[in-house]
1. Could you pull out the pairs from Lys59/Lys87; Lys80/Lys137; Lys48/Lys137 whose alpha carbons sit more than 22 Å apart here?
2. Tally Lys/Arg at +1 and Asp/Glu at -1 over every other residue whose Cβ is under 14 Å from the Cβ of Ser79; what's the total?
Amino acid sequence: MVTFTYGHEKSRFLDAIDLYRCFNNYRIWKYIIAALLVLNKTQLSEYKILEPGCGGGEKLRFLTELRANPENCYGLDTSKRAIDLCKYLSPSTMNFQVGSVFDLAFENNTFDIIICSGLFSCFNDDNDIKRLSKALKRVIKDDGILFIVDINENFPIIYEKNEVTMQKKLRYFDSKKGELVSCQVNKVG
Ligand SMILES: C[S@@+](CC[C@H](N)C(=O)[O-])C[C@H]1O[C@@H](n2cnc3c(N)ncnc32)[C@H](O)[C@@H]1O
């Protein structure tokens, strides 16, 4: 399995970048598409794809524009409102469910691609990050790709006036320390 983080200097492992650029900007797709091409993972219509913490489901819908099969796309979120929105905005054959990433009701080795966009930063506790990694590791295929798109150390600078964010004390990942790499989900290692 290969783990990609968007924005990492070494480019092989995913790292974090700010919310604006990452979650809702086309540039993330440039990196995701490049990664798929480099790894020769271009048969999107055949892949099972999971986005835990899918929010409004934008990432999954975009993948269907790249020919992913809606029936093979699975979105999960603890927020019922988010899942209701996904169902409203997405093709009816896409699969959405309310639930936690810590309680994935999928068989082992199910997914070819997992996208975690803004999910890792929901957890401040190291144990939660380990649990999250373990949960993803179980359901991703050995040759699957895990994309982690998240905030990094630039986030507080960019959003320093955002009081809500500062109060929440979001966890972010330090690309220089390679923190995210150390908690990567890697079936080989
Ligand atoms: C920052 S939003 C990102 C939404 C979407 N992935 C995107 O990129 O636009 C994080 C999402 O993770 C969800 N979430 C938080 N904890 C979760 C958990 N334990 N299991 C599943 N989803 C969770 C939240 O409800 C929220 O919708």
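1. Numbers: Lys59/Lys87 14 Å; Lys80/Lys137 25 Å; Lys48/Lys137 15 Å.
Correct reply: Lys80/Lys137.
2. Details: positive: Lys80, Arg81, Lys87; negative: Glu51, Asp77, Asp84.
Summing Lys and Arg as +1 and Asp and Glu as -1 gives 0.
Just so you know, all these numbers are worked out from the coordinates, no wet-lab data involved. Here the structure is a predicted model, which means the values were calculated and not measured. Backbone-built Cβ (ideal geometry, glycine too); neighbour counts: all protein chains shown.
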